[in-house]
Amino acid sequence: MNGTGLWHAEQAWLGHRAENVLIDVEGGRIRSVEEGVPAPPGAIALKGWTIPGLANVHSHAFQRLLRGEIESGGGDFWEWRAEMYRFTEWDAADYFKHARFVFREMLEAGITAVGEFHYLHGHGNELGEALIDAAREEGIRITLLDACYLRGGLDGRPLEAEQLTFSDGDADRWARRMDQLQDADGVRIAAAIHSVRAVDSESMRIVSTYARERRIPLHVHLAEQAAEVEECMHIEKCTPAELLEREGVLGPDLTAIHAIHVSDHDIELLGQNGVCICACPTTERDLGDHVGPLDALARAGCSLSVGSDSNAVTDILEEARALELDQRRASGTRVVHQPEALLRAATADGMRALGWDAGEIRAGMFADFVTLDQPGGLWRELNPAYLVYGFSACDVTNVVIGGTTVVSQ
Ligand SMILES: [Zn+2]
């Protein structure tokens, strides 16, 4: 990811629409961006719309196997989860092969960085390393969000048989295993608390302290299901977001995944602490989850991002428009979020949640950019609304990551 070269984009999104944009890249980062200049000899021409690379903030690569597999028979989230547990046993070589396929599919959808929320620890770090190796092989940036997962529920019940391999035994052993993982070119190691269900208060503090001492991103699944909130209220006498606040976990380095069943007080806490919320609308739809109050969260001060989560769908533009469209149906109003805000969720704010200097085409950032085009379509001025509502993963024609072309059609 240390490429050098010149790219000339017909139209590009630089926070505003620009034409004839020359992107000069050195050592994997953007050295300069110039608008309104003709293509110099040797520059690679990018026809169509060039935008910053898309951030997939929340993925479980192994769940890609479930696509189309459990769409009959009925049930709820918990029954889905029982089915999902059938897909958690892997050996490293198979997982590497599988992850390469999943990451290639993401690259072709214009995703330049993925956050892998990883809790398959049956072989120590072997499967985490398989994810890293697969990402490096394909050329996608990866933030490995290694999740601490210790118990079966808030009442302290033990793990179910299928969950045993997720656990390190305790948070100190989680930390020692984390110490064995290392950042590399295109690789960031980051921390995750699986959920308030799976991690007790003291262990939560160990994980968040670990993340903060190293200034690495911290992620947590938050209030996806009403049952988690009810159990938390019953046992801890507060909501999951209040519990995180009580334990000092909330902060601008925290990304909360889902945040669907949150109260007005939760929204206030999450907003005041500048927590990033990652919505995963296509997965949430697939699971029959409710629609979260993303508008209220954004107005309270949260940034937004999106993820493909179970990878039932691999299309970040679809996630961005679903974030809006689901709320239209839930609220009966239109344009809850402006298209620019949806694009920012899919790019700059998502990259920040994953710990990358990316998501914007400007000097100093990683040279990660994606070109989309609709062959045979009319020439059209680049605008975020048409991008979010009129384009999809299948319109991606070129992807550059760290100044290296990884998709070219
Ligand atoms: Zn998840």
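The values are calculated or read from the model by the stated rules, or taken from the named source; none is laboratory data. Computed from a predicted model, the values in this text were never measured in an experiment. Virtual Cβ from ideal backbone geometry, glycine too; neighbours counted across all protein chains shown. Surface areas here come from the heavy atoms of the whole protein model, side chains and all, with no ligands, DNA or RNA. Shrake-Rupley method; radii C 1.70, N 1.55, O 1.52, S 1.80 Å.
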(request) Name every residue in region 218-245 that is within 16 Å of the ligand (Cβ to nearest atom) and free of Cβ contacts under 8 Å to residues at least 24 places away in the same chain, in order of residue number. (result) none
(request) Within region 246-298, track down each residue that is hydroxyl-bearing (Ser, Thr, Tyr), away from the ligand (no atom under 15 Å from the Cβ) and closer than 25 Å to residue 317 by Cα. (result) none
(message) Go through (1) within 21 Å of the chain's Cα centre (by Cα); (2) under 30 Å from residue 29 (Cβ atoms) for residue 180 and report which single condition fails.
(response) (1)
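Residue by residue, here is whether (1) assigned to a loop (DSSP other than H, G, I, E, B); (2) open to solvent by 10 Å² or more (accessible area, probe 1.4 Å) holds:
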position	(1), (2)
173	no, yes
178	no, no
182	yes, yes
191	no, no
196	yes, no
202	no, yes
206	no, yes
(request) Would you please list the contacts, defined by Cβ atoms under 7 Å and residues six or more apart or on different chains, that run from a residue in region 42-62 that is under 30 Å from residue 253 (Cα atoms) to a residue that is within 16 Å of the ligand (Cβ to nearest atom) and aromatic (Phe, Trp, Tyr)? (result) 58/117; 59/117; 60/117; 62/87
(message) Pull out all pairs, ordered by first then second residue, where Cβ-Cβ is under 6 Å, the residues are six or more apart or on different chains, the first lies in region 69-86 and is touching a residue at least 60 places away in the same chain (Cβ under 8 Å), and the second is open to solvent by 40 Å² or more (accessible area, probe 1.4 Å).
(response) 85/162
(message) For residue 74, only one of the following conditions fails: (1) at pLDDT below 95; (2) in contact with a strand residue (DSSP E or B) (Cβ under 7 Å, 6 or more places away or on another chain). What is its number?
(response) (2)
(request) Search region 40-68 for residues being of a type in the set (A, V, I, L, M) and open to solvent by 60 Å² or more (accessible area, probe 1.4 Å), and hand back the single one that is nearest to the ligand (Cβ to nearest atom). (result) 65
(request) Return the pairs, sorted by first residue and then second, in which the second residue is outside any loop (DSSP other than H, G, I, E, B) and more than 16 Å from the ligand (Cβ to nearest atom), the first residue lies in region 247-261 and is open to solvent by less than 10 Å² (accessible area, probe 1.4 Å), the beta carbons are less than 6 Å apart, and the residues are 6+ apart or on different chains. (result) 249/204; 249/208
(request) Take region 230-280 and flag every residue that is of a type in the set (Gly, Ala, Ser) and closer than 20 Å to residue 115 by Cα. (result) 251, 256, 259, 274, 279
(request) Could you look through region 352-389, keep only residues that are touching a residue at least 12 places away in the same chain (Cβ under 8 Å) and among the small types (Gly, Ala, Ser), and pick out the one that is surrounded by the fewest Cβ atoms within 10 Å (Cβ to Cβ)? (result) 364
